[in-house]
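Data block below; observations after.
Just so it is clear, none of the values below were taken in a lab; they were calculated from the coordinates. Treat the numbers as computed from the prediction; the structure is a model and nothing was measured.
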Amino acid sequence: MASIQRKAIDPKILRFIRDGEAESLSPQEILTWSLKNFQPSIALSCSFGAPEGVAILDMMHRIDPSSRVFVLDTGRIPQATHDLIDRIRERYDKEIEVLAPRAEDVQDLVRTRGMNLFYESIENRQLCCRVRKVEPLKRHLAGLDAWVSGLRREQNVTRANTKKVEIDYIHGGMVKVNPIADWSHEEVLSYVEAHNVPVNRLHAEGYPSVGCEPCSRAVREGEDPRAGRWWWEHPETRECGIHVDEEEGSGI
């Protein structure tokens, strides 16, 4: 897909980002700032497979009930995730924007590489993620000025330098908001428990993070929470390409 060309970011917003002013703000303050400056051209990317996304969804809804949220339905996510999407839709009376890969792209992928190509090599796994997740996301982000994610610095070595608000150069220089970048896993759980936010039922079965069904597993006691995602790979490659440029290896 060709790179997205965007209009220049307002100098005040750019200065706010470059000066790192968001680093001292709470998630709610960051989201309030974000919605004030970008609504309705800002949306939360929520996998419904980790408590981070639904925690932020709850925060955004409290600030502005018209705040937007989307999910990438790759065609391989488990039923538990679909069930949670429906629970969230009913709980918040909120539309969930569902993104899907192009059917012809998936058909070509499966025909040439097989249904479970991702187990064979990192190249194949990244190709599958690109077709099912990265390309649909790029198409959707082309219509936005900013997006929100649940990235946290302690999640993985590839996310250690995540800023709370940054410029997403991979997606044409738009603004990317990571309001809970400095939160611990315990802080996320405390928030969802305190506000009774619905979460994926697979968490109770040992899945800290739920992605596509064949690429997710429960973790053993003492394992890193991200060990259940693409567990056959080394930690430094366990990204789908949404938050890391696969070709350059640089964070968004």
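For the chain, the mean residue ellipticity at 222 nm estimated from helices alone is -10000 deg cm²/dmol, where every DSSP H run of n ≥ 4 contributes -39500 (n - 2.57) and the total is divided by all residues, rounded to the nearest 500.
Legend: residue pairs Lys12/Lys138; Lys12/Lys36; Lys7/Lys133, Cα-Cα distance threshold 18 Å; pairs beyond threshold, Lys12/Lys138; Lys7/Lys133.
When all alpha carbon pairs of the chain are counted in 10 Å bins from zero, the resulting P(r) reads 7, 31, 39, 20, 3 %.
How would the range 177-224 be classified by its alpha-carbon gyration tensor: rounded, prolate or oblate, with rounded meaning a/c under 1.5 and the a/b versus b/c comparison settling the rest?
Prolate is the answer for the range 177-224, as a/c is 1.5 or above and a/b outweighs b/c.
When only Cα pairs below 8 angstrom with a gap of at least 6 residues are kept, the chain shows a relative contact order of 23 percent.
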